[in-house]
1. Pick from region 50-84 the residues that are in a helix (DSSP H, G or I) and of a type in the set (Asp, Glu): which of them is surrounded by the most Cβ atoms within 10 Å (Cβ to Cβ)?
2. Need the failing condition index for GLY125 against (1) surrounded by fewer than 18 Cβ atoms within 10 Å (Cβ to Cβ); (2) assigned to a helix (DSSP H, G or I), just the number.
3. Give region 129-166 a look and list any residue that's out of contact with any helix residue (DSSP H, G or I) (no Cβ under 7 Å at 6 or more places or on another chain), of a type in the set (D, E, K, R) and without any contact (Cβ under 8 Å) to a residue 60 or more places away in the chain, or say none.
4. Just to be sure I understand the filter: pairs with C-beta atoms under 8 Å, separated by 6 or more residues or on different chains, first member in region 13-35 and more than 23 Å from ILE154 (Cα to Cα) and surrounded by 17 or more Cβ atoms within 10 Å (Cβ to Cβ), second member modelled with pLDDT of 95 or more and not aliphatic (A, V, I, L, M). Which pairs pass?
5. Kindly list, by first and then second residue, each pair from a residue in region 48-69 that is within 23 Å of ILE161 (Cα to Cα) to a residue that is in a strand (DSSP E or B) and among the polar types (S, T, N, Q), limited to pairs with Cβ atoms under 8 Å and residues at least 6 apart or on different chains.
6. Identify, please: which residue in region 85-122 is touching a residue at least 40 places away in the same chain (Cβ under 8 Å) and in a loop (DSSP other than H, G, I, E, B) and is, among those, farthest from the chain's Cα centre (by Cα)?
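The values are calculated or read from the model by the stated rules, or taken from the named source; none is laboratory data. Given the structure is predicted, the values throughout are model-derived calculations rather than measurements. Here Cβ is always computed from backbone atoms with ideal geometry, including for glycine, and neighbour counts include all displayed protein chains.
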Amino acid sequence: MNSLDHKTKGHAPASPYQRLAALGIDLPPAPPPIANFVTHVQEGNILYLSGQGPREVDGHLHAGKVGADVDIESAYEHARLTGINLLAVMHDALGDLGRVKRVVKILGMVNAVPEFADHPQVINGCSDLMIDVFGDAGQHARSAVGFGSLPGNITVEIEAIVSLHA
């Protein structure tokens, strides 16, 4: 049971927007692509989300090597912020997060030093958010891996696959 389920037990399930409000999250505008690609592609009832990074509303991107200049707690927060940006792209693409049937798969990439071994704990920042926002439908398959570098030296990049209600 996630942290918000107890508030809706015995009641109609909270919408993703009600859950976001309970978390104190206002969705930012969907971040624009940084190169020659689109933020999402919908094929049938599947939405493929391009990788997003830890971009603040003011455009600041969190950068650095996890395990060197960035600690695991900060990297977790960066992954959570990246999850918020993925939600913003979902909202922009769908017009309504209520159309999300399930978060199917997340690929989390961590810009880490070779010795770093806690990639799953970092990407939990995004995974925990998806479960808080979508409840059981936020449970997903996942990979959390380390990379020697990421674009702009960002700390994390995360992409997602989401199934949609017909």
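1. GLU77
2. Of the numbered conditions (1) surrounded by fewer than 18 Cβ atoms within 10 Å (Cβ to Cβ); (2) assigned to a helix (DSSP H, G or I), the odd one out for GLY125 is (1).
3. ASP136
4. Cβ pairs passing all conditions: ALA14/GLY135; PRO16/GLY98; PRO16/PHE134; ARG19/ASP132; ARG19/PHE134; ARG19/GLY135; LEU20/ASP26.
5. Listed by first residue and then by second, the contacts come to TYR48/GLN42.
6. GLU115
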